[in-house]
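Following: one structure in structure tokens, then a few remarks.
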Amino acid sequence: MTASLLTPALESRFATARQVADTVLFEGYVLYPYRASAAKNRLRWQFGVLVPPGWGADREEHDFQHTECLMEPKPGATLAVEARFLHAQRRTVQQALDNGTFETVAQLDLADRVLVPWDEGAEERVEVVVDVAELTGDGVTVAFTRPAREETEPVLDADGRTVGRLVRRCEEISGAVRLSARELDGPYRVMRLTAVVENTSAWTPDSTEADREAALPRSLVAAHLLLGLSAGSFLSMTDPPEWAKSAVAACRNLHTWPVLAGEPGRADLMLSSPIILEDHPAIAPESPGTLYDATEIDEILALRTAALTEQEKREARGTDPRAAAVIDLAESMPPEVLERLHGAVRALREITGPDTPLSAAHDPVPDDVDLIDTRGVLRPDTPWWDPAGDDTADPARDRILVDGRSVGVGSRVLLRPGLRRTDAQDLFLKGRSAQVEAVLHDVDGGVHLAVTVEGDPGADIRREQGRFLYFQPDEIAPLEDA
């Protein structure tokens with residue numbers, strides 16, 4: 001591996017951002033139950049795939065990503081860019097024969113694992129460090145190539161005898177990183193940075209290589225960018241300052257989206273990802289390790305993985321080294337780690353702060369503080385979510401203000417879903433009248449009305465069983481009570 005072009009200071013900052021960037025790199029890499037035989041693991045590499053131009057021309061996958069964002073570099077600043085992607089390599093399994101040769105097989109059974117053919121992902125990185133002043137005009141283009149290669153790895157049994165081998169083959173891929181910047185008109189020294197990553201491989205498929213499987217080994221998989229300034233800052237593309245909103249709106253971002261990365265409170269790093277993230281994304285501190293499953297829920301996945309049969313675990317261990325690590329993680333996870341995964345609530349930390357004792361979060365509220373929230377619900381001086389506080393929420397007696405009118409249990413309301421995203425069942429009820437059965441509060445402080453629809457022949461049964469429909473206050477209109 002070549003030495004990094006990044007300075008120690010930039011390398012330290014990039015290391016923090018890579019923790020999140022790695023989740024982009026391996027999002028959906030191998031899905032639970034982590035076996036090659038699982039149907040969902042036969043359609044992989046879903047995010048940020050930059051295919052060869054000769055293959056993707058008539059298909060819906062692309063050969064480039066185009067990022068534009070705003071930056072305020074200080075004089076003499078340098079820009080560090082790290083393009084990261086996976087290079088798919090085909091792994092075949094071969095069994096050793098008595099005559100010293102090897103034969104390709106569909107699987108090779110070992111005591112601890114079952115080896116099968118699989119596409120692995122080798123991490124690749126292209127670094128560019130350039131003075132910001134050099135980016136004006138035609139900018140800078142850095143071309144790169146990853147050559148084709150073939151490697152073999154012997155497979156040994158428990159006694160150390162060679163029983164087979166793994167053969168890994170990579171196809172050649174070529175690409176380019178194109179960087180340019182232009183200073184914008186206005187009272188502030190703001191530059192629009194353009195960063196393009198593209199696949200420039202010359203490969204074109206023949207009649208026998210027309211499917212996606214043939215293109216993947218020549219593709220940049222899960223491609224994304226890390227951008228860092230040695231001095232200066234980037235502007236948030238999600239929540240820009242008022243004066244920069246029009247300039248942000250004029251930026252073009254194709255097949256990727258840039259967000260502020262690194263530690264909260266800093267703006268010298270950007271992560272441009274094919275997966276839309278919020279500014280300063282972070283790995284949950286409770287997460288014990290990478291589980292690779294899209295929108296992963298660590299507790300559920302860890303429990304399910306630990307419950308796999310021994311044969312299923314052997315298949316998973318033979319599928320991929322990263323899948324084997326997940327199995328080992330799930331088997332070694334102590335109860336206290338699982339408890340830490342269960343029921344973490346970020347909102348409470350935002351209210352109390354990471355170092356604030358819970359008891360300090362519900363000190364008596366001064367007399368001049370308004371205890372009525374925007375819904376007209378009385379707020380207790382002790383937060384309602386605090387288990388040590390009084391249980392002041394009462395679904396049977398609480399009332400809220402809607403259009404200036406008090407609504408509670410027994411109130412008649414007109415249902416009008418559609419002010420926000422909703423499902424088809426709710427839309428079918430638009431314009432129907434209903435009766436409020438309870439006023440409920442969720443853990444985020446939101447208010448929900450449990451209702452039964454008037455004229456529903458099963459309303460009495462639903463009421464007895466507590467099976468209600470739920471609407472938010474902006475989805476109903478008060479009617480005159482009967």
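The values are calculated or read from the model by the stated rules, or taken from the named source; none is laboratory data. Remember, predicted model here, so these are calculated numbers, not experimental data. Using ideal geometry, Cβ is built from the backbone for each residue, glycine included, and neighbour counts are taken over all protein chains shown. Note: accessible area is taken over every heavy atom of the protein model, side chains too, but ligands, DNA and RNA are not part of it. Shrake-Rupley method; radii C 1.70, N 1.55, O 1.52, S 1.80 Å.
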Next item on the list: For residue 284 and residue 470, compute 0.36 nm times the residue count separating them, minus their Cα-Cα distance, and round to one decimal in nm.
Entry: 63.9 nm
Next item on the list: Can you sort 239, 320, 426 by 1.4 Å-probe accessible area, starting with the largest?
Entry: 239, 426, 320
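Working out 0.36 nm times the residue gap between residue 40 and residue 239, then minus their Cα-Cα distance, what length gain in nm do you get to one decimal?
On the way: separation 199, 0.36 × 199 = 71.64 nm, distance 3.60 nm.
Difference between extended and current length: 68.0 nm.
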Next item on the list: Within the chain, what's the longest run with no GluC sites (Glu not before Pro) in a DSSP loop and at most 10 other beta-carbon atoms within 10 Å? Give the range, please.
Entry: 61-479
Check: Rounded if a/c is under 1.5, else prolate if a/b is larger than b/c, else oblate: which is the range 30-83, with a ≥ b ≥ c the root eigenvalues of its Cα gyration tensor?
Finding: oblate
Checklist line | Cα gyration tensor category, rounded, prolate or oblate, for the range 82-222 with a/c compared to 1.5 | finding: prolate
Next item on the list: Compare 98, 112 by solvent-accessible area with a 1.4 Å probe and give them largest first, with all protein chains kept in place.
Entry: 98, 112
Notebook entry, point to check: Between residue 425 and residue 133, how many nm apart are label points set 7 Å from Cα along the C-beta direction?
Noted result: 6.5
Check: If amide H atoms are built 1.01 Å from N in the plane of the peptide, which residues on other chains or at least 5 residues away come under 5 Å of the amide H of residue 61?
Finding: none
Margin query: Checking the cross-link filter: which lysines have an alpha carbon closer than 22 Å to that of residue 74, excluding same-chain neighbours under 8 positions apart?
Written below: 245
Notebook entry, point to check: Got a number for carbon plus sulfur as a percent of the chain's accessible area, 1.4 Å probe?
Noted result: 51
Note to self: Apply the a/c threshold of 1.5 to the C-alpha gyration tensor of the range 66-162 and tell me whether it is rounded, prolate or oblate.
What the structure shows: prolate
Checklist line | Solvent-accessible ranking of 55, 257, largest area first, probe 1.4 Å | finding: 257, 55
Note to self: Could you report the accessible area of residue 297 in Å², rounded to 10, computed with a 1.4 Å probe on the protein chains as they sit in the structure?
What the structure shows: 100
Checklist line | Label selected from (1) 31; (2) 47; (3) 22, the criterion being percent of Cα pairs over 38 Å apart as computed here | finding: (2)
Notebook entry, point to check: At residue 461 and residue 141, where each label point lies 7 Å from the Cα along Cα→Cβ, what is the point-to-point distance in nanometres?
Noted result: 7.0
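On full extension of the chain, what length is gained from residue 328 through residue 125, given 0.36 nm per residue of separation minus the C-alpha to C-alpha distance? Mind dumping the intermediate values first?
On the way: separation 203, 0.36 × 203 = 73.08 nm, distance 2.81 nm.
Roughly 70.3 nm would be gained on extension.
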Check: Rolling a 1.4 angstrom probe over the protein heavy atoms, how many square angstrom per residue are accessible across the range 33-94?
Finding: 38
Notebook entry, point to check: In nanometres, what is the gap between the two model label sites at residue 252 and residue 15, each 7 Å from Cα along Cα-to-Cβ?
Noted result: 3.9
Next item on the list: Hey, can you find the accessible area per residue of the range 263-327 for me, probe 1.4 Å, expressed in square angstrom?
Entry: 47
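Once every DSSP H run of n ≥ 4 in the chain is given -39500 (n - 2.57) and the sum is divided by its residues, what mean residue ellipticity at 222 nm do you get, rounded to the nearest 500 deg cm²/dmol? Intermediate values should be presented prior to the final figure.
Numbers: 11 runs with 88 residues, N = 482.
So the calculated ellipticity at 222 nm is -5000 deg cm²/dmol.
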